[in-house]
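Step one of this worksheet: look at the structure below.
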Amino acid sequence: MTDQPSESQSAQTNSKNGFIQWLIVALILMTALSLLAVHLPERLKLLLVYAIVYGLISGGVLTTLAVKFGVPNSKKLILTIVCLIIFGQSLVLSLSHQRYKEATLKQFKADQTSIVLDRMFSAGEPPEAPEARKQYEQFLDQFQAAKADRREKEQRLLQISSYLQHRLSPVANLKTPWPHLFWFLELVLCCLSAIWASRQVTQAESEKPAIQDSSEAES
């Protein structure tokens, strides 16, 4: 007599092992896809469209891999795919922001005006004439204020909110919190498109046995 509890336990173990293996491969795949997405030419990163395409590709590929690893179609699988999509999009945002920061710092370092003026003031002596000394101190105060503004602008441009505004700048000049909300909208659309693609793959896989059975019956 077949030991049904033993068979059920073995099936659960195989399903669990398949899920873990799929999850590891899925994490590697999402990391690679995110790295590829970051280095795509900017002309291909169309707003909204880019996020939807990312979701379609990710959802379809992840579900196909789940079928290969024997992971059953369930709410757990869909939820895991959504979490992987959020991870991938967050990684794309983080890496893109890092590239933006490096480019911004490079631009600021290329401007040597403040460094030259700073050296000039530190090396020079204030004039002795009262009127000239007064003008010198006024100019020095203006320079220090401009220098502080430049540092504040640099720090502001390095923030992630500045990068999100930069993404939208070709279309519109939106202030906080609209760039953040737009990115969240892209994330939602990306997850929805991934779920849709996942269901299409699942439906196609479920129809395969019926097609095979009908073909065998006809033969």
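Please treat every number below as a calculation from the coordinates, not as lab data. Owing to the predicted nature of the structure, the values given are computational and were not obtained by experimental measurement. Using ideal geometry, Cβ is built from the backbone for each residue, glycine included, and neighbour counts are taken over all protein chains shown.
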| message | Between L105 and E42, how high is the FRET efficiency from 1/(1 + (r/R0)^6) when r is the Cβ-Cβ distance and R₀ = 22 Å? Nearest 0.05. | response | 0.70
| Short version: ³J(HN,Hα) in whole Hz for each residue of region 84-89, in order, from phi by Karplus 6.51 cos²θ - 1.76 cosθ + 1.60 (θ = phi - 60°), x for Gly and Pro, what are they? | 5, 5, 4, 4, x, 5
| Among the listed pairs K45/K75; K76/K101; K45/K106, which are separated by more than 27 Å between their Cα atoms? | K45/K75; K76/K101
| Sorted by Cβ neighbour density within 10 Å, fewest at the top, the residues E102, E205, E186, E42 | E42, E102, E205, E186
| If you count, for each residue, the other Cβ atoms within 10 Å and average over each peptide, how do 29-41, 78-90 line up from highest to lowest? | 78-90, 29-41
| field | Residue order, fewest to most surrounding Cβ atoms within 10 angstrom, among R43, R167 | value | R43, R167
| query | Using 7 Å Cα-to-Cβ label points, what is the S169/F87 separation (nm, one decimal)? | reply | 3.3 nm
| request: Provide the gained length on full extension for the span E205 to W178, in nm with one decimal, where the gain is 0.36 nm per separating residue minus the Cα-Cα distance. | output: 5.7 nm
